[in-house]
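K.L.:
The following block contains the structure, expressed as structure tokens.
The values are calculated or read from the model by the stated rules, or taken from the named source; none is laboratory data. Note that this is a predicted model, so its numbers are computed, not measured. Glycine gets a Cβ as well: all are built from the backbone with ideal geometry, and neighbour counts include every protein chain shown. The protein model used for the area step is the full one, side chains on, heavy atoms only, and it has no ligands, DNA or RNA in it. Shrake-Rupley method; radii C 1.70, N 1.55, O 1.52, S 1.80 Å.
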Amino acid sequence: FDQNFAYLWNSGTNTFDQLAFGGSMAGYAGFNITAKDFYISGTSYPFADNTARFVFTGEGITPNANGSAVFFFDGTDIKDYTDIGDNPDYAQPPQGALIRANYVTWFNGRINFIVPDIAGVSYLQGILYSGIRDAGGNGDKFNVPGSGLFQCDTFQYITGFAIIGQVLGLNFNETAFVLEKTADAFNPYFSRQIPCVEGTDAKFSGVSWNDIEYSLGKTGALGLDGRRSL
């Protein structure tokens, strides 16, 4: 990615080929990301029939004509994740239209949009998650049993994440949380605040290594193992 377009490596010509916008986005001019620190977050997340797809979003992407900044690449074109014509299985959350998110990841059998912007409201402590991915398309629906909007009980805001084994580590500006799976398909998450002395402002520094989420920011180097953050 650059600030306007996405590219795919062509091993035959040893160059990056610019990806075309297709479907409902055929007339889209480009991402027009105004600042270089508005990074893009993406995850592999197949369609219901298991065909390949890469879903991506970001806080700096200019929305398309439908008001969406959540897109996917299907191997041919970049299309709108929230458009029924491009993604027939999609169903928006009860809170309103999904516009964008700071992060997206495939975790716990579903797609998760972290710090989502829904109908113009930014949920700074929130994770919007779909229903469990299945052949019926519930993995792209946010209004079915098993989907929902989880919010950590803090005034602080999420600045990054990484998957640490079977938990999702969440960096906040002054603390850290982990999101754990439950055995309840209708309430799939519970959170724990982790004892720590500081947080991080580095929005995309989190990386998982040796069962620890490391992040590097202005306040130092942090390590979150699911029990404590040092």
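K.L.:
Measuring with a 1.4 Å probe in the full set of protein chains, what accessible area per residue, in whole Å², belongs to the range 61-158?
P.N.:
Per-residue value: 36 Å².
K.L.:
Can you send over the solvent-accessible area of Ile194, 1.4 Å probe, protein chains only, in Å² to the nearest 10?
P.N.:
Counting only protein heavy atoms, Ile194 exposes about 0 Å² to solvent.
K.L.:
Please say if the range 153-215 is rounded, prolate or oblate, where rounded means a/c under 1.5 for a ≥ b ≥ c the square roots of the C-alpha gyration tensor eigenvalues, and otherwise the choice is prolate for a/b larger than b/c and oblate otherwise?
P.N.:
Since a/c reaches 1.5 but b/c is at least a/b, the shape of the range 153-215 is classed as oblate.
K.L.:
Using only the Cα atoms, work out Rg/Rh for the chain, with Rh taken as the Kirkwood radius, to two decimals.
P.N.:
On the way: Rg = 17.5 Å, Rh = 18.2 Å.
My calculation puts Rg/Rh at 0.96.
K.L.:
Taking N as the number of residues in the range 34-125, what is its alpha-carbon radius of gyration divided by 2.2 N^0.38 Å?
P.N.:
1.02
K.L.:
Also, I was wondering about something else. Rounded to the nearest percent, how much of the accessible area of the range 1-112 (1.4 Å probe, protein heavy atoms only) is carbon and sulfur?
P.N.:
Carbon and sulfur atoms account for 52 percent of the accessible area of the range 1-112.
K.L.:
FRET efficiency for Gln18 and Ser208, Cβ-Cβ distance as r, R0 = 45 Å, nearest 0.05?
P.N.:
Efficiency, rounded to the nearest 0.05: 0.90.
K.L.:
A follow-up question, please. If DNA, RNA and ligands are ignored and the probe is 1.4 Å, what is the ranking of Thr76, Thr51, Thr82 by accessible area, most exposed first? Don't skip to the answer; put the middle values down first.
P.N.:
Working: Thr76 95, Thr51 65, Thr82 30 Å².
Heavy-atom accessible area, descending, gives Thr76, Thr51, Thr82.
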